[in-house]
Amino acid sequence: MAPLLDVSDEVRAEIGEEETQRLLAGENAPGTYDCTSCRTPGDTGQERTSTVLFVGDETAVLAFAHAACIPSQVVPVSEEQLQGAVRSISGEEEHPAPAFAAPPAVPVQPAAPSPGAAPRQAVLGITCGLIIVEEALCPALVIEPTGPVARVGATGGGDDFLPLLIEQGFMPQLDLAAPPSPLAGWSVLLAMGKLHAVLQPAAGGAPATAWWQAHQPLQVSDGWRAAVSRTNAVYVYAGPAGSIGRQPREDLMRDALAKACARGQLVGATMPLAGTT
């Protein structure tokens with residue numbers, strides 16, 4: 001019996017018609033698999049199954065998911081991220097996820113140091129957790145640089161982090177009880193149950209690029225993944241260096257966000273999910 005596979009037009013275009021037909025005939029399709037979204041077992045002979053193609057710079061990996069979890073789609077990732085996904089699929093990486101975690105982040109332009117001071121490297125720290133908004137648990141990312149951030153080429157010693165984000169479409173968050181405003185073109189990339197990047201639109205209709213990208217994909221908690229599967233959106237909050245801090249618990253993080261909000265030091269945006277959960 002042929003497997004119950006869904007192959008989207010974009011996946012079909014990437015793998016070619018010949019490979020598509022082999023999959024649909026069952027020649028190259030697995031009988032059972034671990035869903036790339038919910039990570040529970042699936043059976044291509046018993047339930048609709050989506051084909052999910054992870055495409056890197058030089059290679060691609062075809063994975064499978066319950067059609068009830070996610071549709072068939074192409075997920076662009078970097079070659080490094082793809083190799084991490086391959087290790088995850090093969091079971092070489094098994095790490096429990098804390099309630100809050102902050103991986104190494106991309107460097108940003110630091111504010112100019114005072115005369116005689118050593119140059120500093122500012123990085124964007126990112127924390128994932130759940131926040132209660134409108135009486136519901138919602139998936140959130142909290143972003144805070146390790147030091148003041150200046151515009152490229154600036155020579156002063158100020159911190160332009162929030163103005164730069166507002167220019168990109170983030171809005172001042174005046175009330176944590178309200179969802180952040182949607183931000184068109186931006187998205188949060190998850191794949192294989194791990195956080196890979198925050199994507200921003202590129203000029204001229206080019207594919208989205210990474211505004212923040214994890215050095216190594218960050219595995220999120222089961223509760224966070226379940227929440228984002230329900231909403232298909234992530235609340236992204238950001239504050240300048242020193243405004244929020246690294247908080248080990250979600251209640252402490254909400255308190256820190258509320259204080260930053262009251263001081264006018266918080267911006268936010270609602271971003272759709274890109275990739276899979």
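The values are calculated or read from the model by the stated rules, or taken from the named source; none is laboratory data. Note that the structure is predicted; figures quoted are calculated from it, not measured.
Summary of values
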quantity	calculated
Strands (runs of 3 or more DSSP E) fully within region 2-93 counting 3 or more residues that are at pLDDT 80 or above	41-43, 49-55, 60-66
Qualifying residue in region 103-113 (condition: of a type in the set (S, T, N, Q), part of a loop (DSSP other than H, G, I, E, B) and at pLDDT below 85)	yes
Of all residues in region 145-167 being farther than 15 Å from Val123 by Cα and assigned to a loop (DSSP other than H, G, I, E, B), the one that is modelled with the highest pLDDT	Gly158
Selection from region 198-250 of residues that are among the aliphatic types (A, V, I, L, M) and at pLDDT below 80	Ala202, Ala203, Ala206, Ala208, Ala214
